[in-house]
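The values are calculated or read from the model by the stated rules, or taken from the named source; none is laboratory data. Every value quoted in this text rests on a predicted model; they were computed, and no experiment measured them. Cβ atoms come from the backbone with ideal geometry, glycine included; neighbour counts cover every protein chain shown. Side chains included, ligands, DNA and RNA excluded: accessible areas come from the protein's heavy atoms. Shrake-Rupley method; radii C 1.70, N 1.55, O 1.52, S 1.80 Å.
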Amino acid sequence: MNQFRLNAPTPLDFLLHFTIGEKDFLVSQNMRPEVLANMAVPLLHFALSQYNLSRLRYSSLAIAAVCYIIQENAEAAKVREIKQARDKWLSILITKFEDIDPKEVFETLWEFSRQATGN
């Protein structure tokens, strides 16, 4: 008899899956997936330390973390096209993976923004 040990995917697993899986799109927008992933890791640590965020889907946390990184870089560079790229990346993921809840992603993104500004 085979006894397999299955581990549930973590937010980091989803983060890597979504960034590396859509590498072609991100590179076409002058974004490096490995840089986005590295920048998003502290947000995942933060999210898992907060009870209200840690109860959300891990896939939503990963997507919201990448969206937040893209959004913050767009505001720092004052580039509107980066935000459009974020929305396009998100729409690609939503059409590819039907279990993604956009409402939950945007609520998490809002929570990241709220925590960053201290409001």
Cα long-axis angle, helix 80-96 against the chain (0 to 90 degrees, to the nearest 10): 30
Debye, to nearest 20: dipole size of the chain, +1 on Lys, Arg Cβ, -1 on Asp, Glu Cβ: 100
On Cα atoms only, tilt of 58-77 relative to the major axis of the chain in degrees: 20
Cα-derived Rg over Rh, computed across the stretch 14-119 with Rh taken as Kirkwood radius: 0.93
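Rounded, prolate or oblate: which fits the stretch 1-65 when a ≥ b ≥ c are the square roots of the eigenvalues of the alpha-carbon gyration tensor, with rounded for a/c under 1.5 and prolate only if a/b beats b/c?
Here the stretch 1-65 falls in the oblate category.
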Average accessible surface area per residue within the chain, 1.4 Å rolling probe, Å²: 64
Selected from PRO42, SER60, PHE106, residue furthest toward positive end of dipole (the chain; charges at beta carbon): PRO42
Most to least accessible of PHE4, PHE112 (protein chains only, probe 1.4 Å): PHE4, PHE112
HN-Hα J in Hz across the stretch 48-55 - Karplus 6.51, -1.76, 1.60, θ = phi - 60°, x for Gly and Pro: 6, 8, 9, 4, 5, 7, 5, 8
Solvent accessible area, Å² - ARG57, 1.4 Å probe, full protein context: 110
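How large, in percent, is the carbon and sulfur part of the accessible surface of the chain at a probe radius of 1.4 Å?
53
Over the chain, what is the relative contact order in whole percent, taking alpha-carbon pairs under 8 Å and six or more residues apart?
26
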Area of LYS88 that stays accessible when all protein chains are in place (1.4 Å probe, Å², to 10): 110
Most mobile of THR95, THR108, THR19 in a GNM of the chain (Cα contacts under 10 Å): THR95
